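Participant: Can you keep this structure in mind? I'll have questions shortly.
The values are calculated or read from the model by the stated rules, or taken from the named source; none is laboratory data. Every value quoted in this text rests on a predicted model; they were computed, and no experiment measured them. Cβ placement follows ideal geometry from the backbone for every residue including glycine, while neighbour counts extend to all protein chains displayed. For the accessible areas, the whole protein counts, side chains as well, though only heavy atoms, and no ligand, DNA or RNA atoms are used. Shrake-Rupley method; radii C 1.70, N 1.55, O 1.52, S 1.80 Å.
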Amino acid sequence: MTKHNPKVLLADLTYTGPNEYMYPYPLGAGYLGAYLKSKYEDIDVELYKDPNDLIKALDDPKGYDILALTNYFWNFNLNRQFLKRSKKKNPKVVTIMGGPNIDSYSDNALRDFFLSMPDLDFYVLGEGEYKFGMLVDALINKEMIKSHVWEEIPLSIVGLENDHINKGSIADPPSCDLATLPSPYLTGLMGKFLDNPMFIPSIETSRGCSFSCTYCCWGKGSKTNKFPINTVYQEIEYITKRTKTLLNAIYLADANFGMRKRDVEIAQRLRDNDTQYGFPKKTYIYFTSEFNETVLKIAGILKEHTSISLSKQTTNPEALKIVKRHNIPDDKYDEAIEMIRKMGGSTFCELIYGLPGESYQSFINGLESIAKKEIHPAIYPLLLLKGSEMNSESFRKQYSIQTAHRIFTKYVGTYGDINSAEYEEIVISHEKCTIEDFFKLRAVHLFLIIFTDDIFADMRRFLNKKSSNYVSFTMFLFHNRESWPVSLESYVEEFEDNVRSELLTKKEVKADFNKEEIEQIKKGAYALNILYFCIFVTNESALKSFREYLSSVLGKFLKEERASFNVEEIAFIIKCCFDKIPEFNRFQPFVDTEYQYDLNAWLADTADFPLSSYKSAAPLRYRLEFRKDLIPILSKMIYQYKERKMALYHFRMNAVTDRSKVMGYTKRRV
């Protein structure tokens, strides 16, 4: 290879598998590649996402000069293994990484990172295109001799030499001019991903995040910039004509979509595109946390194409202050929910348990406040992310944060001779929350996964019409645990045992694995909430017992709440919920049934008339049916896995995103 023609392998790796359908395109790596090609007409740049493909490239006898990898918490160890393999085969290869998953608050933190990545030469901190281009310039000028480039590269490029952190010597370049930054789509770099049905396209319409939430490493209060709207439109058109994605969806990779008025125009273009060409049917968006008129207009345009995030993360004032986050006032929040619903849109609210300043009870109180608004909660334990302020030693010490690690269940795999698995670090206690509080919240979380599924939508509506909510009902169940049927107690005890056993100490975290260890992890490491939900819907005898118990205990709960109720109505509502659970051991795409009540009219009633007002003189026919577009995927999983619970687990984990709306039948009058 000549001095002016290096070969660059750029990879945004993920753990691929035979049953996964949701890989986003390697957008960040794509921008790096498009920028390099704009600087050097003769440069050879190749993009990778699938580890299997990158292994083939590493083994290509033609060789390569630079291996550059994007670094996130879901591919940290996978990157490490590829760097190791690359250097073992050719020590002269230059290895580079970039991305937010690094603690850069001190030289000691940087040194620890490089010691964990012994085969890494350079790390590009912050926005990458210009800095990465300058590094490649310097490497070409110095004939790929790594030790000679430090005088020609920016301060934000770092490395480790002689056990000390090395940094570049010249000023960092300005933020990238997004008006001139080449598009990886319009330059043709994304072709092989557009042709792959397992991948989902993603685009950036803006870059940066002006917020500084301490648990996040995305923007860190950075300036936000926008791509030219004509470029955005051209990319949407280009993707529409080329993509073969199975899920007919697109990701918007902005941190705060809806901050700019022009985002309404982009939403309208996506909607018009679907009307004219049939793509995309679904748009996944990270909305700004500051609800505004722009977000409201987007909700009215996209409607069923997306779900509007009205996330709070916490409702506790002390926790909000600690994490440097501001939520919109409650009255404005309620107005937003109502306006979005009137426009035909849907909403959800993210909440994180384990935030410093948040107690067990204050989190439950926050959950109840969201449930009363009839908004879907998306609940997560607190992860400590490299690069976030919360991950610093001083922050951990200030709030007495204790953590544990666990296998990141979706990110485990073997690719050729590379065996890798990722871990996530979760907060299990701090000064306001004990480890026993954490375990209690994990069990509550399981019940909320069950009760917030669309299967139990009728029960949730019934409770709200009684001026109560499913969170209060869940807490009532736990307060009366001694009355649980044996099958329910055994089910939850087994779950709790697995929650405890999945936690690992820092010393138990491994960097290197053999193939047998990876196979063992795959057999035992699962996303427990999802697994136990799948166990719940496939155990017919336990379902029968739980149904009988709910019919009984729901009346006791309403009596304690001093709400009027009718035993017959309770039995009917519970029956409607359990009717929506298919018999997965004898799966049928649809079943027909009859009800004595006009359920649809009752659900649509905003005047809160009792269910008895909708009793029909003659039985009404309903059809319960599974989503047709998901039946082929489910059938594939059922064919592949002998146990129904495992077929459903892989279906729910890997094949779909609207997880609360895919496991049961939907009903309609016939």
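Participant: If the chain were replaced by its equivalent ellipsoid, with semi-axes equal to the square roots of 5 times the Cα gyration tensor eigenvalues, what would those be, largest first, whole Å? Don't skip to the answer; put the middle values down first.
Facilitator: Numbers: eigenvalues 420, 148, 125 Å².
Semi-axis lengths for the chain are 46, 27, 25 Å.
Participant: Further, regarding this structure: Could you work out how far apart the two model spin labels at residue 261 and residue 335 are, taking each label as a point 7 Å from the Cα in the direction of the beta carbon, and quote it in nm?
Facilitator: It is 1.9 nm.
Participant: A further question on this structure: Summarise the accessible area of the stretch 76-123 (1.4 Å probe, protein heavy atoms) by the percent that is carbon and sulfur.
Facilitator: Working: 950 of 1910 Å².
Answer for the stretch 76-123: carbon and sulfur cover 50 percent of the accessible area.
Participant: Counting Lys +1, Arg +1, Asp -1, Glu -1, what net charge surrounds residue 25 among other residues with beta carbon under 14 Å of its beta carbon? Show your work: numbers first, answer last.
Facilitator: Numbers: positive: 49, 192, 242, 244; negative: 12, 50, 53, 195, 204, 235.
Surrounding charge for residue 25 is -2.
Participant: Quick one: net charge around residue 625, please, counting Lys, Arg +1 and Asp, Glu -1 for every other residue with C-beta under 15 Å from its C-beta. List each step's numbers first, then the result.
Facilitator: Details: positive: 580, 621, 623, 627, 628, 661, 667, 668, 669; negative: 454, 579, 583, 592, 629.
Result for the local shell: +4.
Participant: In whole Hz, with x marking every Gly and Pro, tabulate ³J(HN,Hα) for the stretch 566-576 from phi via Karplus 6.51 cos²θ - 1.76 cosθ + 1.60, θ = phi - 60°.
Facilitator: 10, 4, 4, 5, 4, 4, 5, 4, 5, 4, 4
Participant: For residue 175 paired with residue 89, estimate the spin-label separation in nm (one decimal), with each label point 7 Å from Cα along the Cα-to-Cβ line.
Facilitator: In this crude spin-label approximation the distance works out to 3.9 nm.
Participant: Of the cross-linked pairs 62/92; 523/642; 241/661, which ones have a Cα-Cα span greater than 24 Å in the structure shown? Before the final figure, lay out each step's value.
Facilitator: Working: 62/92 14 Å; 523/642 14 Å; 241/661 29 Å.
Exceeds cut-off: 241/661.
Participant: Enumerate the calculated ³J(HN,Hα) couplings along the stretch 613-620 in order (Karplus 6.51 cos²θ - 1.76 cosθ + 1.60, θ = phi - 60°), each rounded to whole Hz, writing x wherever the residue is Gly or Pro.
Facilitator: Ordered by residue, 3J(HN,Hα) equals 5, 10, 6, 9, 5, 10, x, 9 Hz.
Participant: Counting Lys and Arg as +1 and Asp and Glu as -1, what is the net charge of the other residues whose Cβ lies under 13 Å from the Cβ of residue 177?
Facilitator: Details: positive: 207, 223, 226; negative: 127, 129.
Net local charge, residue 177 excluded: +1.
Participant: Could you tell me which chymotrypsin sites (Phe, Trp or Tyr not before Pro) in the stretch 585-670 are loop residues by DSSP with no more than 16 other beta carbons within 10 angstrom of their beta carbon?
Facilitator: On the way: sites: 587, 590, 595, 597, 602, 614, 622, 626, 639, 641, 649, 651, 665; in loops: 587, 626, 641, 665.
Filter output for the stretch 585-670: 587, 641.
Participant: Mind giving me the nanometre distance, one decimal, between the label points for residue 268 and residue 498, set 7 Å out from Cα along Cα→Cβ?
Facilitator: Those two pseudo-labels are separated by 4.9 nm.
Participant: Here's something else I'd like to know. What's the extension gain from residue 604 to residue 244 if we count 0.36 nm per residue and subtract their Cα-Cα distance? Please list the in-between numbers first.
Facilitator: Values: separation 360, 0.36 × 360 = 129.60 nm, distance 3.79 nm.
Taking 0.36 nm per residue and subtracting the Cα distance, the gain is 125.8 nm.
Participant: So, one more: With a ≥ b ≥ c taken as the square roots of the eigenvalues of the C-alpha gyration tensor of the stretch 1-134, please select rounded if a/c is under 1.5 and otherwise prolate if a/b is larger than b/c or oblate if it is not? Numbers along the way, then the final one.
Facilitator: Details: a/c = 1.29, a/b = 1.10, b/c = 1.17.
Judged from the Cα gyration tensor, the stretch 1-134 comes out rounded (a/c under 1.5).
Participant: Just list whichever of 88/410; 312/386; 312/575 have alpha carbons separated by over 31 Å in the model shown. If you can, show how the numbers build up before the last one.
Facilitator: Working: 88/410 28 Å; 312/386 22 Å; 312/575 34 Å.
Flagged as over cut-off: 312/575.
Participant: Return the calculated 222 nm mean residue ellipticity for the chain, to the nearest 500 deg cm²/dmol, obtained by summing -39500 (n - 2.57) across DSSP H runs with n ≥ 4 and dividing by the residue count. List each step's numbers first, then the result.
Facilitator: Values: 24 runs with 269 residues, N = 670.
Taking each H run of at least 4 residues, the total per residue is -12000 deg cm²/dmol.
Participant: Quick check for me: using +1 on Lys/Arg Cβ and -1 on Asp/Glu Cβ, what's the dipole size of the stretch 337-496 about its Cα centre, in debye to the nearest 20?
Facilitator: Values: 17 positive and 22 negative charges, 140 e Å.
Using Cβ point charges on Lys, Arg, Asp and Glu, the stretch 337-496 gives about 680 debye.
Participant: Also: Residue separation times 0.36 nm, minus the C-alpha to C-alpha distance between residue 630 and residue 218: what's the value?
Facilitator: Working: separation 412, 0.36 × 412 = 148.32 nm, distance 3.30 nm.
Working it through step by step, the gained length comes to 145.0 nm.
Participant: My understanding is that a pair violates if its Cα-Cα distance is over 30 Å; which of 342/628; 87/244; 332/580 do that in this structure? Let's see the in-between values first.
Facilitator: On the way: 342/628 28 Å; 87/244 36 Å; 332/580 35 Å.
With Cα atoms farther than 30 Å apart: 87/244; 332/580.
Participant: Separate question: Taking Rh as the Kirkwood radius computed over C-alpha pairs, what is the Stokes-Einstein D of the stretch 118-262 at 25 °C in a medium of viscosity 0.890 mPa s, expressed in µm² per second?
Facilitator: Working: Rh = 17.7 Å.
Value of D from the Cα-based Kirkwood radius: 138 µm²/s.
Participant: OK, next. Tell me, in nm to one decimal, what length is gained between residue 162 and residue 506 on full extension, where the rule is 0.36 nm per residue of separation less the Cα-Cα distance? Working shown, then result.
Facilitator: Numbers: separation 344, 0.36 × 344 = 123.84 nm, distance 2.66 nm.
My answer for the length gained is 121.2 nm.
Participant: Which residue, chosen from 33, 565, 532, occupies the Cα position most advanced towards the positive end of the dipole of the chain, where the dipole is computed from +1 (Lys, Arg) and -1 (Asp, Glu) charges on Cβ about the Cα centre?
Facilitator: Result: 565.
Participant: Here's another thing I want to ask about it. Which of 248, 216, 168 sits farthest toward the positive end of the charge dipole of the stretch 168-307, with +1 on the Cβ of Lys and Arg and -1 on the Cβ of Asp and Glu?
Facilitator: Selected residue: 248.
Participant: Another question, if that's okay. In whole Hz, what ³J(HN,Hα) sequence does the stretch 83-90 give by Karplus (6.51, -1.76, 1.60; θ = phi - 60°), x for Gly and Pro?
Facilitator: Result, ordered by residue: 4, 4, 5, 5, 5, 5, 7, 8 Hz.
Participant: Could you order 442, 547, 500 by accessible surface area, starting with the largest, using a probe radius of 1.4 Å?
Facilitator: Values: 442 10, 547 85, 500 110 Å².
Of 442, 547, 500, the descending order of accessible area is 500, 547, 442.
Participant: Which listed residue (612, 634, 665) has the Cα farthest towards the positive end of the charge dipole for the stretch 587-670, taking +1 on Lys and Arg C-beta and -1 on Asp and Glu C-beta about the Cα centre?
Facilitator: So the residue furthest toward the plus end is 634.
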